[in-house]
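Below: the structure, in structure tokens.
The values are calculated or read from the model by the stated rules, or taken from the named source; none is laboratory data. These figures come from a predicted structure and were not determined experimentally. Cβ atoms come from the backbone with ideal geometry, glycine included; neighbour counts cover every protein chain shown. Accessible surface is based on the protein model in full, side chains and every heavy atom, while ligands, DNA and RNA are left aside. Shrake-Rupley method; radii C 1.70, N 1.55, O 1.52, S 1.80 Å.
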Amino acid sequence: MTVTWEELGWERLADGVGRCRLPGWDCTAGLVLGADAALMVDAGSSLDEGARLREGARRLAGRRVTHLALTHPHFDHVFGAAAFTGAEVYGACGAAGTGAGALFAPGGQGRQALRADAVAEGLDARAAREAAEALPLVGHEVRGEHPLDLGGGRQVLLADVGPGHTGHDLAVLVPGSPNVLFCGDLVEESGEPQAGPDAVPAGWPAALDRLLDLGGDDGLYVPGHGAVVDAAFVRAQRDALAARFGVSR
């Protein structure tokens with residue numbers, strides 16, 4: 001039996017579109033429902049968190065998650081990915097042709113770096129190791145834009161909008177009235193945007209311009225962390241980032 005978004009503690013954003021604001025790092029995980037398929041946007045920070053998201057999505061959709069879009073390769077957004085068995089996994093192709101898939105290659109430095117970062121941020125070492133070892137490969141690297149048809153007229157657009165927060169930033173647009181745009185950590189509301197060693201500051205303001213082109217003036221912009229914001233907030237954050245990083249506009 002399906003339930004309402006509110007009964008599960010999720011936030012409904014539009015018809016068939018919602019998100020779960022996860023505890024701990026205050027990450028967003030989104031869900032888009034179609035007649036034939038269900039798309040999860042990001043997967044949480046551990047296998048246990050991913051399993052809870054999977055079960056919540058199953059109850060809301062009445063079916064398993066069929067597609068998983070990872071907005072960027074940071075542990076708090078991807079470490080639950082292995083919980084979504086059988087889902088088609090999407091990530092951004094990113095800068096210089098080095099796609100998100102290469103970052104998750106078994107035995108690669110990407111998995112080791114994610115594990116180390118997770119432990120440094122407070123994730124249990126065993127949970128971090130298990131999640132890193134279980135990371136699924138990104139089967140679909142998005143270059144430019146990639147449409148998805150989830151059935152029943154539900155169309156979704158995946159867009160490689162970076163680099164910015166990382167070299168591999170993927171946005172997920174759900175067209176409608178209003179548009180709903182999942183921004184990953186290109187936009188943050190609950191704190192100042194974080195620029196780690198894999199950030200590309202020079203490209204970040206332009207990435208937010210691309211988000212604004214996708215979402216439009218009346219869109220709902222869903223940040224990677226924090227409350228849903230509007231286009232004015234994204235513009236202000238773009239301008240603040242340009243000033244912070246010395247990027248001329």
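The table for this structure:
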quantity	calculated
Within the stretch 5-45, strands (runs of 3 or more DSSP E) holding 1 or more residues that are of a type outside the set (A, V, I, L, M, F, W, C), at pLDDT below 95 and out of contact with any Asp or Glu (no Cβ under 7 Å at 6 or more places or on another chain)	none
Hey, LEU241 in contact with a strand residue (DSSP E or B) (Cβ under 9 Å, 6 or more places away or on another chain) and open to solvent by less than 50 Å² (accessible area, probe 1.4 Å) or not	no
Qualifying residues in the stretch 130-158 (those that are modelled with pLDDT of 95 or more and in contact with a His (Cβ under 8 Å, 6 or more places away or on another chain)) - the one surrounded by the most Cβ atoms within 10 Å (Cβ to Cβ)	LEU158
Search result, residues across the stretch 52-70 that are open to solvent by less than 30 Å² (accessible area, probe 1.4 Å), part of a helix (DSSP H, G or I) and free of Cβ contacts under 8 Å to residues at least 40 places away in the same chain	LEU53, ALA57
Some residue of the stretch 238-245 being within 22 Å of TYR90 (Cα to Cα) and out of contact with any Lys or Arg (no Cβ under 6 Å at 6 or more places or on another chain)	no
Hey, TRP10 closer than 22 Å to GLY91 by Cβ and touching a residue at least 40 places away in the same chain (Cβ under 8 Å) or not	no
Count of the stretch 177-190 residues which are over 13 Å from the mean Cα position of the chain (by Cα) and at positive phi	0
Cross-chain or 6+ apart pairs with Cβ under 9 Å, the stretch 190-219 first and under 25 Å from PHE75 (Cβ atoms) and without any contact (Cβ under 8 Å) to a residue 24 or more places away in the chain, then charged (D, E, K, R) and part of a loop (DSSP other than H, G, I, E, B)	none
Condition met for ARG210 (over 17 Å from the mean Cα position of the chain (by Cα), charged (D, E, K, R) and assigned to a helix (DSSP H, G or I))	no
Unique residue being out of contact with any helix residue (DSSP H, G or I) (no Cβ under 9 Å at 6 or more places or on another chain) and outside any loop (DSSP other than H, G, I, E, B) when the list is VAL156, VAL187	VAL156
The stretch 206-233, residues that are closer than 15 Å to GLN194 by Cα and touching a helix residue (DSSP H, G or I) at 6+ places or on another chain (Cβ under 6 Å)	LEU208
Candidate set: the stretch 226-249, residues that are part of a helix (DSSP H, G or I) and basic (Lys, Arg); chosen: the one farthest from the chain's Cα centre (by Cα)	ARG244
Some residue of the stretch 166-173 being more than 30 Å from GLY152 (Cα to Cα), among the polar types (S, T, N, Q), open to solvent by less than 40 Å² (accessible area, probe 1.4 Å) and assigned to a helix (DSSP H, G or I)	no
Cross-chain or 6+ apart pairs with Cβ under 9 Å, the stretch 123-152 first and within 28 Å of ASP15 (Cα to Cα), then among the β-branched types (Val, Ile, Thr) and outside any strand (DSSP E or B)	LEU150/THR66
Among (1) among the hydrophobic types (A, V, I, L, M, F, W, C); (2) assigned to a loop (DSSP other than H, G, I, E, B); (3) within 16 Å of ALA171 (Cβ to Cβ), the one test that ALA199 misses	(3)
